[in-house]
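Notes for the one structure printed next.
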Amino acid sequence: MSTIGWGVIGAGGIASRRTIPEGILPARGTKLAAVMDIDAARAKAASERFGEVPWFTDIGPLLARDDVEAVYIATPTVAHAPQALAAIAAGKHVLVEKPLAMTVAEGRRVAAVAKRKGVIVGTGFMMRHHGAHVKIKQLIEAGVIGTPVMGRAQLSCWYPPIAGAWRQDPALGGGGSFADMGNHCFDLLEMFLGPTTEVHAFVGNVVHNYRSEDTAVVTFRFESGAVGIVDNLFNVPDEASRNVLELYGSAGGIRCEGTIGQTPGGSVRLVSVKTGGYDARQQRAAARERLIPFRKVNTYRAEIEDFTRAIVAGVPPAVPVEDGLWNLRVVEAAYRSARTGRVVRLPAR
């Protein structure tokens, strides 16, 4: 496979913590060509840590480099669309951290310009690559739990008020706990249960007093007929949140802990039974839950390798720009539901 040079826009945060060291550097067919951050100290530190690559505090010089063929954008959400459009104009392929943009309108413009310029744009929903989630999809498609009827995805953390934290200001991040974590959660439920058709959301602040919500619970109906729950909290200690993923069907259920997140681990437990007549006693003693093995995959490396293959082969990545745009539509529908107190229906995807 040809070697693709990557430039990173936003060299702090998730880029420095995960995507560069776990994704770009070890991935097959890639090399880190340059980094950029508006904070010179962060940009310089990333350069020194990751091979003394050129570093910049403006995107212009990075995008002008011939050895940068793809860019990874990991800046605050408010900058995603403008930076993606600049990269597309420079003829670069673009992997944008989720969410794709602040609004559906911005996302549509990114998608339209990318199509016109003939470049590939993807969105960073790396949890789709998790070995447990790939295995769960296979189990559901094989009918192991029968007809899927319900799913739940939880991702929560302790996120106290921090001066300058962009996720705590909806003008910079587009929302709070749901915009930051819920989009991952329902993206996974859609992976198993199909596109969203309806949402009903409750958001607010229970503990913290910053402008973004610290509490979000959203209920879903999916095209398959199944329903779902996504709960995202910025006000629960990390030690208390199990990051649970649950799928239930007419012949069993799947329960996971720790698969929703940044690491490749966690556990998958399956109960699969042959259903018979109604048991008024509803005894569960006969149910045997068993651990399901799955391949441990670093989701950041898998994401970068998938996008790199897409560039080389000229095919869509696993999470194309259309998926990022759809995700934005569901997020906007959920916040509209929270404002109005009503169920919001989405058009067919």
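Observations, loosely collected:
- Restricting attention to segment 109-131, the residues being surrounded by fewer than 22 Cβ atoms within 10 Å (Cβ to Cβ), out of contact with any His (no Cβ under 8 Å at 6 or more places or on another chain) and over 30 Å from G164 (Cβ atoms) number 11.
- Residue within segment 315-338 that is exposed (fewer than 11 other Cβ atoms within 10 Å of the Cβ) and either at pLDDT below 95 or over 17 Å from the mean Cα position of the chain (by Cα) (or both) present: yes
- Qualifying residue in segment 23-41 (condition: at pLDDT 95 or above, over 22 Å from R301 (Cβ atoms) and part of a helix (DSSP H, G or I)): yes
- Test: S212 is polar (S, T, N, Q) and either at positive phi or surrounded by 23 or more Cβ atoms within 10 Å (Cβ to Cβ) (or both): yes
- Members of segment 1-18 found to be under 19 Å from D67 (Cα atoms) and among the hydroxyl-bearing types (S, T, Y), listed by number: S2, T3
- Taken over segment 264-277, the residue count meeting the criterion of being in contact with a Ser or Thr (Cβ under 9 Å, 6 or more places away or on another chain) and modelled with pLDDT of 95 or more is 5.
- Residues of segment 177-209 classified as under 13 Å from D231 (Cβ atoms) and crowded, with 19+ Cβ neighbours inside 10 Å, total: 10
Yes or no, residue by residue, for (1) over 23 Å from A165 (Cβ atoms); (2) crowded, with 24+ Cβ neighbours inside 10 Å; (3) assigned by TED's automatic domain parsing to the domain that holds G122:
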{"site": "A11", "(1), (2), (3)": "no, yes, yes"}
{"site": "K44", "(1), (2), (3)": "no, no, yes"}
{"site": "R65", "(1), (2), (3)": "yes, no, yes"}
{"site": "A70", "(1), (2), (3)": "yes, yes, yes"}
{"site": "P82", "(1), (2), (3)": "no, no, yes"}
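The values are calculated or read from the model by the stated rules, or taken from the named source; none is laboratory data. All values reported here derive from a predicted model rather than from experimental measurement. For neighbour counting, all protein chains shown are included, and Cβ atoms are generated from backbone atoms with ideal geometry for every residue, glycine included.
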